[in-house]
Amino acid sequence: MAVAVRRDPLDRPLMLLFPLWLVVSLLIVLFPVYLVFMVSVAPGEAVFGERPALFVTEPTLRFWEQVIERGDLWGPLAKSLMVATLTTLAAIVIAAPAAYVISRLPQAIRYAVVIGLLVTRMFPEFAIGVSVATRFAGLGLADTYTGLVLAHLIGALPFIAWILVGTFETIPRELEEASQIDGASRFGTLMRVVFPIAAGGIAVASLFVWLYSWNEFLYARLLTTNQNTLPLQVFQAIDRGSRQQMATVAAVLTLPILLVVYFLQRYLKPGAMAGSVKG
Amino acid sequence: MRKSAVALISFLALLASACGGGDGARRGGGGEGRLSGTSITFSISLSEEERAAIEDLLDQFRSDTGAEVKLTSVSSADLPPKLKVEVDAGRPTIHLFAQDNLALRSLVDQGLVEDLSDVQVPGQVVDSMVPEQFDGKTYFLPFRPNVRLAYANRDRFREAGATLPRTVEELRTTAEKLRSTARSGKVTLSLAEGDPAAVTISEWIVSFGGNPLILNDDGSVRAFEFLQGLWRDNLLARESLLGKFDTEVDNLQGETAWLAQNWPITSAQLAEQGLLNRFQVYEGWRGPAREAHVIGGDVLGIPKGVTGRQKEAAVALAEFLMSEQAQKLLVERNAWPSIREDAYGDVPREQKQTFDAIQAALENGWYRPNVAYWPDVSEQMNAAVRRVVTGGENARTVLDELHGRIEAAARQKGDEYPPAT
């Protein structure tokens, strides 16, 4: 007997509106990115006047050439890449085991610890930033990669631990028990069962930490003198440069982010945890 | 995931090692000389166009003395917290800095700068260019004077049949013509909250014969009534409330303003875009009492805790930057007005108009007084902008109230009040 499927009368209009909504959303998200790249190749005339052009008919690579020839972006680019990557690796190494342990604590204690992690993020960063930076400078960590990585870990660790506690909580203990019944040690279970299942969550947390460190400004400003990070270099261009110089440096700032997202995007799919437990 | 992670890390490491040597601030090492083996860092905020001349000067200093100098750029707003961190830690990484002379008080009050009373300022430096002392001590040395100039859009002025205003009355007439053509106010004054508004209001009060430290004298009241009229009659663009050194450049480029006042870095930025010839640059307008331009610019200082050979090198670099040779090069390459009376040079053709305007404005320069209660004066001037200029309240009533607050702050800080003229 055929079952008649009743369609909601709103289905058709919604199906028609959905692509339009998608296009508008994409435009809202991508238009500022387009503007940054467009202005970076715009000659002076194109950004002059009450109604600057939305399209550049005679683009110039002058500002990109200046940035590349001058070479003062490569040092900051390298420093930002190294600091963000080292911060992310250190944060995962420190926070992942800790988060796993927290996720296996009794619920009341776990709740208190997670709240405790979040409390550390409730203070305005600037309120403690100067004191922390002073202590770091006193230890000779000013203008060093180590100092900046440690400073970034202050902000990153509670955040990544909080995300990973949520990830490990969703992994059933039965999987670990099954692994141990099969002869795996506790550490082996962690490395071969728990962490691989949590890879999606770890990738998301890593991306957030990497982006946090990549864009961090306060500690970079206080602890850096002779070699800026890229956000400081962007700020300098905003402070003293032209619109095109600012746009060019900002465009350079976004390129490595695209690269990192490309590497991590396969782990950013929703439902990465699905199928870990068979019924 | 492991392969991807290894690939990513390897790529980043390769990139970092490939780029690691690219410290654009360091050029060459120190040579032979009395300071060879000494390394210092000099901080100054520069536009790209101004940087090359400073780097050439540092190269010259290196070859003369043997000291290695790294050039870095910490903005005027960022310098105080950065110096506080380093001075409190007892490990300065900046050994000589050039700082905006409108932002010096906090450096002295926090004990962040060395006493430079022993350093000799060359006799050829114009007296009015020597920074004020604090409590009888010299903490800062002259380097680069600066004033705000007026920028007028030639084409729009022509269309409106307007001429360059040289007095505040002419400014009103010009603003009316521009408004008639554009149907909205096309003059911006830098009235953004904080220092920009304080600088603008100081100039207006002094040019009306008032004293910003008093704020309720006749000159101050007349200045505020005049500004209130400009605002009420829609002769000022509303963007004035966001007007400061960077937004004013945008206002001029985007034609939000057809006439605006701003610091000369505007000329460098417009020149970079090939737009400077669209603007007439001149010194601006005078008030009923006089013409007044707040003297800004950069002065040199040495952070507290710089000692030994590094202090010796920092002092030597400061002396070199005040020398005729250095000042002349800065005139010729950057069109910076000189602190010295003997440093003349050929200004680049494109910057000639700007240079002449700066020189003319400096003749009517006005130094902001270094009183401990200046932050309170600045706060009350900002309050007056909100309440009188844009809020439309009675100028005399409001300024009497704000004067009371300044007087209380001055007495609380132990300063003489009313100040000696």
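Would you work out which of B:134, B:123, B:111 lies farthest towards the positive end of the dipole of segment B:100-145? Charges go on Cβ: Lys and Arg +1, Asp and Glu -1.
It is B:123.
Counting C-alpha atoms alone, how compact is segment B:191-262: give Rg to one decimal and Dmax as a whole number, in angstrom.
When restricted to the Cα atoms of segment B:191-262, Rg and Dmax are 12.7, 38 Å.
With chain A treated as a Gaussian network of Cα nodes joined by springs under 10 Å, which of A:142, A:112, A:247 yields the largest mean-square fluctuation?
Sorting by GNM fluctuation, first place goes to A:112.
Viscosity 1.002 mPa s, temperature 20 °C: what is the translational diffusion coefficient of segment A:26-79 from Stokes-Einstein with a Kirkwood Rh over Cα pairs, rounded to a whole number of µm²/s?
168
Using only the alpha carbons, work out the radius of gyration and Dmax of chain A in angstrom.
When restricted to Cα atoms, chain A yields Rg and Dmax of 24.2, 82 Å.
How many percent of DSSP beta bridges within the protein assembly as shown run antiparallel, rounded to 5?
So the antiparallel bridges in the protein assembly as shown amount to around 60 percent.
What is the distance in Å between the Cα centroid of segment A:113-148 and that of segment B:31-95?
Measuring centre to centre over Cα atoms gives 27 Å.
Using a Gaussian network model of chain B whose springs link C-alpha atoms within less than 10 Å, name the residue from B:123, B:404, B:219 with the highest mean-square fluctuation.
B:123
Which value, in Å³ per residue, describes the convex hull spanned by the Cα atoms of segment B:93-191?
That works out to 188 Å³ per residue.
Give the separation of the Cα centroids, segment B:384-415 to segment A:44-95, in Å.
45
If I fit a long axis through the Cα atoms of helix B:195-207 and take the longest principal axis of the Cα atoms of chain B, what angle between them do I get, 0 to 90°, rounded to 10?
Long axis of B:195-207 versus the principal axis of chain B: about 50 degrees.
Nearest 500 deg cm²/dmol is fine: what mean residue ellipticity at 222 nm does the protein assembly as shown get from its DSSP H runs of n ≥ 4 alone, each adding -39,500 (n - 2.57), divided by its residue count?
Working: 27 runs with 374 residues, N = 700.
It lands at -17000 deg cm²/dmol.
Two decimals is fine: what's Rg over Rh for the protein assembly as shown, C-alpha atoms, Kirkwood radius as Rh? Walk me through the numbers before you get to the answer.
Working: Rg = 29.7 Å, Rh = 28.8 Å.
When Rh is taken as the Kirkwood radius, the ratio is 1.03.
Helix check for chain A. Which DSSP H runs span at least 20 Å along their own axis by Cα, with a mean Kyte-Doolittle hydropathy no less than 1.6? Let's see the in-between values first.
Working: long enough: A:11-40 (43 Å, 1.98); A:74-103 (41 Å, 1.47); A:145-169 (34 Å, 1.55); A:199-215 (24 Å, 1.16); A:243-264 (32 Å, 1.57).
Those that pass (Cα extent of 20 Å or more, hydropathy at least 1.6) are A:11-40.
Using only the alpha-carbon atoms of segment B:119-271 as identical scatterers, what base-10 log of I(q)/I(0) does the Debye formula give at q = 0.14, 0.17, 0.19 Å⁻¹?
Each listed q corresponds, in turn, to -0.77, -1.02, -1.18.
Give or take rounding to whole Å, what are the principal axis extents of the alpha carbon atoms in segment A:184-269, in descending order?
60, 28, 15
Go through A:241, B:160, B:369 and say which Cα lies farthest out towards the positive end of the charge dipole of the protein assembly as shown; charges sit on Cβ, +1 for Lys and Arg, -1 for Asp and Glu.
A:241
Relative to the Cα centre, what is the charge dipole magnitude of segment A:1-99, using +1 at the beta carbon of each Lys and Arg, -1 at the beta carbon of each Asp and Glu, and rounding to the nearest 20 debye? Please report the intermediate quantities before stating the final value.
Working: 7 positive and 8 negative charges, 92 e Å.
Dipole size: approximately 440 debye.
Once the Cβ-Cβ distance between residue A:145 and residue A:215 is put in as r, and R0 is 25 Å, what FRET efficiency do you end up with, to the nearest 0.05?
0.90
Using only Cα atoms and rounding to the nearest 10 degrees, what angle (0 to 90) does helix B:2-19 make with the longest principal axis of chain B?
Compared with the principal axis, the helix lies near 90 degrees.
Take the alpha carbon atoms of chain B, find their radius of gyration, then divide it by 2.2 N^0.38 Å using N residues; give the quotient.
Rounded to two decimals, the normalised Rg is 1.07.
Residue A:186 label point, 7 Å along Cα→Cβ, cut-off 14 Å on backbone N: hits in segment A:53-97?
A:97, by backbone N distance to the label point.
Could you give log10 I(q)/I(0) at q = 0.11, 0.16, 0.17 Å⁻¹ for segment B:337-421, computed by the Debye formula over C-alpha point scatterers of equal weight, without solvent?
Ignoring solvent entirely, the Cα scatterers give -0.54, -0.78, -0.80.
Name the residue, out of A:15, A:246, A:122, whose mean-square fluctuation peaks in a Gaussian network model built on chain A with Cα pairs under 10 Å.
A:15
One quarter of the convex hull surface, Cα atoms only: what value does that give for segment A:77-144 in nm²? Display every interim value, and only then the final one.
Working: hull surface 24.3 nm².
Computed as one quarter of the Cα hull surface, the answer is 6.1 nm².
Using the Cα centre of the protein assembly as shown as the reference point, and only Cβ charges (+1 on K/R, -1 on D/E), how large is the resulting charge dipole? Debye, rounded to the nearest 20. The partial results should precede the final answer.
Details: 66 positive and 77 negative charges, 571 e Å.
The dipole magnitude comes to about 2740 debye.
Would you mind working out the magnitude of the charge dipole of chain A relative to its Cα centre, with +1 at each Lys and Arg C-beta and -1 at each Asp and Glu C-beta, to the nearest 20 Debye?
Values: 20 positive and 17 negative charges, 108 e Å.
Approximately 520 debye in magnitude.
Choose one of B:256, B:243, B:223: the residue whose Cα lies farthest towards the positive end of the charge dipole of segment B:220-262 (beta-carbon charges +1 Lys, Arg; -1 Asp, Glu; about the Cα centre).
Of B:256, B:243, B:223, it is B:223.
By how many degrees, between 0 and 90 and to the nearest 10, does the Cα long axis of helix B:395-412 differ from the longest principal axis of chain B?
40
How much of the pair distance distribution for segment B:229-372 lies past 27 Å, counting alpha-carbon pairs only, in percent?
Of all Cα-Cα distances in segment B:229-372, 37 percent exceed 27 Å.
Every number here is computed from the coordinates shown, using simple stated rules; none is lab data. No experiment lies behind these values; they were computed from the predicted model shown. Ideal geometry is used to build each Cβ from the backbone, glycine not excepted, and the neighbour counts take in all protein chains shown.
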